[in-house]
2 protein chains.
Amino acid sequence: MFIIFDYMEPVTLKNIASELGISVTTASKALKNYPDVSPKTRKAVVDLAKKLNYTPNSFAVNLRTKESKIIGLIIPEIVHHFFSSVINAIIKKAEKKGYLVITLQSNESDKLEEKQIDLLLDKRVDGILMSLSNNRKDLSPLKKIIESETPLVLFDKISKVINCSKVIIDDRKAAYSATKHLINSGCKNIAHFRGPLNPQNSIDRFLGYKKAIEDYKLTFDKSLIYTCEKVTYKEGYNFAKQLHLSNKKVDAIFAITDLVAIGAITYFNEANIKIPEQISIIGFSNWFMASVISPSLSTVDQPGNEMGKTALKLLLKEIKATKKGKKIEYKTIVLPTDVICRNSTKK
Amino acid sequence: MFIIFDYMEPVTLKNIASELGISVTTASKALKNYPDVSPKTRKAVVDLAKKLNYTPNSFAVNLRTKESKIIGLIIPEIVHHFFSSVINAIIKKAEKKGYLVITLQSNESDKLEEKQIDLLLDKRVDGILMSLSNNRKDLSPLKKIIESETPLVLFDKISKVINCSKVIIDDRKAAYSATKHLINSGCKNIAHFRGPLNPQNSIDRFLGYKKAIEDYKLTFDKSLIYTCEKVTYKEGYNFAKQLHLSNKKVDAIFAITDLVAIGAITYFNEANIKIPEQISIIGFSNWFMASVISPSLSTVDQPGNEMGKTALKLLLKEIKATKKGKKIEYKTIVLPTDVICRNSTKK
DNA sequence: CTGAAAGCGCTTACAG
DNA sequence: CTGAAAGCGCTTACAG
């Protein structure tokens, strides 16, 4: 045969068909294992396809099947151990299931988050996974996703009023356990470095803290609540300093996040305040660093991997159901957390 | 008018055209600002498109234009501060330029890496950005990318023999500076916790270390070289212990990575060895944690953000050139690094 | 200024 | 078992 393919042009079904003197239809069916193709023809097609390194043009496949085989993921920040491990789990599992993942980072900006939702919808991703930015108040962008019939699963930072599947931890309970751990170890005046006022997350952790204080007959003292706007290391450091210089009687801190807790630890180390003898500190997330800082940080383990996996599993199920035109029933899955005792709290 | 669109069906150009009684061609041109459309028609189309929330079907656009507007990114590990910040920069900048990013993680497995290359090529991404896994020896998968005419830019962990653009730091020089910093502060017996034997990165850092030792007339001692297979915290910890128990005369360590350095710091802290008085430690990367650990870790700043931005910039340029059928000239960009002096080394 | 037509590369219902 | 035809939803060269 003297048919030569320009090696730059990708091989198409048409090439294969004409090379073999058969129709595009048959070539397509042969490669897709349709039963109504003779073994001989099938073999010829498969062999030639392999020889020419044929791969179906995904643009054409997408257009025909109306599926992108892409999942969109929007998170507030990648450079954050918890989210890194969530992404990780999602990407890995998606790949196994034949999906690729487009990741976008809202940077805690609700405007950007909205644009990113539009980008993903325009791209016609098969489903969207989101952890909301702290400032999200207007929920219409989320409703837009749902109206577009694109399956949506929220995880970690969710909105209770949006009607979709969710994967979360019980922040209130987890914060309760963390505070209880401090109380059980003998602490009586426990400060809380909380997160911003809006996100459900930080509200729940605050409420869990408060509940524990009250249940165990300690006095809730509003002046021991410090509100981190950005939830940074720096804020942890500064509030620790502020607390110290205020001369308030405090023997423990429950911080919204390990990062904030580590900021506090750094300050107290510098100020020569002994942890946990003079002040106990417990964080939240079980970031890798928590085990490495000195003293090592007691914290609440937040299962990032598990959360990513679970969220993706739910999403894929909904994608499948949607494709079949089935009604989706939304689930909210609550993953368990553990308090991890290290050296920043007393035994 | 009584034409009603099923609200579930996405709006197409055809819908708009028939609603307005014009052709699809004209509707398309109107939205794409072709000059040969009357202002009146244009306005009608644009208004209706807006009213109906029309967005072009990207599958169709992709198929027509043969562009996916997606960039593929393969890195060894996401949960790693340096790569997180690279991803970050890439995603942000890509978004601004109208591209979305599919991220894949090779997990240091060359087999997986190959599969992922195929996935991205099958997806017909417009370009690929890669940082190679440590085990990459067979370069044919990379050549496959190049043969497919998909622009490829390697960053950080590259292969010198592959003919494509690259963004790197001068690892040898950076390691030289780090070692020199130890020497200048009075250290004479400097151990090196190096990376695996294969990756160029770890070879170069080793060579930079060795060069500095020799230039400054210290004796290079092979027994002071410890090779991390996985470049983990644990290895840093264990080698520090091994080194300590060996009773070798050593007053400094240059570690391939902050993570390894922090492992070492943790061991020495536990063993009550004073840093930097008894042993100085310098790391590599300037991971966030380096500034927070105690003592804070001197290190080499590796500009992740800059690297991500630069790599993407090069890639987009090549994508544009390829589209125009222009010849690409490959560049290798070397980004500057700095030694950051903190408290784990003497002044 | 407008539109008919071709075509991107597939998939699949249908006819034979 | 095979293939002609329609169609997914766009874009664009071309004719008028």
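The values are calculated or read from the model by the stated rules, or taken from the named source; none is laboratory data. This structure is a prediction, so every number in the text was calculated from the model and none was measured. Positions of Cβ are backbone-derived with ideal geometry, glycine not excepted, and every protein chain shown enters the neighbour counts. Side chains are part of the model used for accessible areas, which takes the heavy atoms of the whole protein and leaves out ligands, DNA and RNA. Shrake-Rupley method; radii C 1.70, N 1.55, O 1.52, S 1.80 Å.
Miscellaneous remarks
- Residue within the range A:71-90 that is within 15 Å of DNA strand D (Cβ to nearest atom) and more than 21 Å from A:Pro151 (Cβ to Cβ) present: no
- For the range B:42-69, the set of residues classified as among the acidic types (Asp, Glu) and within 13 Å of chain A (Cβ to nearest Cβ) consists of B:Glu67 only.
- Some residue of the range B:325-339 being of a type in the set (Ser, Thr, Tyr), within 21 Å of B:His181 (Cβ to Cβ) and out of contact with any His (no Cβ under 8 Å at 6 or more places or on another chain): yes
- When the range A:140-156 is filtered for residues that are assigned to a loop (DSSP other than H, G, I, E, B) and open to solvent by 30 Å² or more (accessible area, probe 1.4 Å), the ones remaining, listed by number, are A:Ser148, A:Glu149.
- Total residues in the range A:104-123, condition more than 16 Å from the chain's Cα centre (by Cα), at the interface with chain B (Cβ under 7 Å from one of its Cβ atoms) and open to solvent by less than 50 Å² (accessible area, probe 1.4 Å): 1
- Enumeration of residues in the range A:48-65 that are hydroxyl-bearing (Ser, Thr, Tyr), more than 7 Å from DNA strand C (Cβ to nearest atom) and open to solvent by 50 Å² or more (accessible area, probe 1.4 Å): none
- Restricting B:Val37, B:Val101, B:Val45 to residues that are of a type outside the set (D, E, K, R), within 12 Å of DNA strand D (Cβ to nearest atom), surrounded by 19 or more Cβ atoms within 10 Å (Cβ to Cβ) and not in a helix (DSSP H, G or I) narrows the list to B:Val37.
- Failed condition for B:Asn343, given (1) in contact with a Gly (Cβ under 8 Å, 6 or more places away or on another chain); (2) surrounded by fewer than 18 Cβ atoms within 10 Å (Cβ to Cβ): (1)
- Filter pass, B:Asn88 being within 11 Å of chain A (Cβ to nearest Cβ), open to solvent by less than 50 Å² (accessible area, probe 1.4 Å) and within 14 Å of the chain's Cα centre (by Cα): yes
- When we screen A:Glu113, A:Glu77 for residues that are part of a loop (DSSP other than H, G, I, E, B) and touching a strand residue (DSSP E or B) at 6+ places or on another chain (Cβ under 9 Å), the only hit is A:Glu77.
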